[in-house]
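What follows is a single structure, written as structure tokens, with notes after it.
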Amino acid sequence: MSAADSATQQVHTLYTNHHGWLYGWLRRKLGNACDAADLAHDTFVRVMVSRRLPAQLGEEPRALLTHIAKGLVIDHWRRQDVERAYLEAVAHLPEPEAPSPETRLLVIEALMRIDAMLTSLPARTREVFLLAQLDGLTLHQIAERTHTPVITVRRHIRKALMACMAVA
């Protein structure tokens, strides 16, 4: 049996033995059967594309499945929060100015990428960047507020801008 056949068999066995349990766990966690089915599917997709499959399964496959699923649940909740905030922000727009469903989807996807980029930044870099971008503070004002030298503030902004360019 080839390595690919062995990996396929492992995933098949894992799916057969644990899909029902994982789906039930996700359904209780999310309170929604459709989302639970989607995230259970996504969990097994993540297992299938993993390059370290045989080493990861080990003696506790449910621990691996739970770990992957928890990350997906957190992503799901984060997306719901971003989507809810965006929809609240555009809810007051008159009908002709309201974004189309396609535009809403594109904006939400962009917001998710921005959220992921901001989350990946170190806390101080994120703080400095948001002070500059959202509050419109100058380098000197940020330096005073954060008790940081201006050159360090400039480095944080540069690092955040580089992260923005990587997302684009």
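The values are calculated or read from the model by the stated rules, or taken from the named source; none is laboratory data. It should be emphasised that the depicted structure is a prediction, and the values quoted were computed from it without experimental measurement. We place every Cβ from the backbone using ideal geometry, glycine too, and count neighbours over all the protein chains shown. Ligands, DNA and RNA are excluded from the accessible area calculation, which covers all protein heavy atoms including side chains. Shrake-Rupley method; radii C 1.70, N 1.55, O 1.52, S 1.80 Å.
So for the stretch 69-85 (the condition being over 30 Å from Phe129 (Cα atoms) and open to solvent by less than 60 Å² (accessible area, probe 1.4 Å)), does at least one residue qualify?
yes
Looking at the stretch 102-154 only, could you name the residues that are of a type in the set (Ser, Thr, Tyr) and in contact with a Lys or Arg (Cβ under 7 Å, 6 or more places away or on another chain)?
Thr125
Return the pair list, or none, for Cβ contacts closer than 9 Å from residues in the stretch 58-85 that are closer than 26 Å to His12 by Cβ to residues that are loosely packed, with under 11 Cβ neighbours inside 10 Å and of a type outside the set (A, V, I, L, M, F, W, C), at least 6 apart or on different chains.
Close Cβ pairs satisfying both conditions: Leu64/Gly58.
Please work out if Leu93 is part of a helix (DSSP H, G or I) and either open to solvent by 50 Å² or more (accessible area, probe 1.4 Å) or modelled with pLDDT under 95 (or both).
So Leu93 fails the test.
Across the stretch 96-112, what is the number of residues that are open to solvent by less than 80 Å² (accessible area, probe 1.4 Å) and of a type in the set (Asp, Glu)?
1
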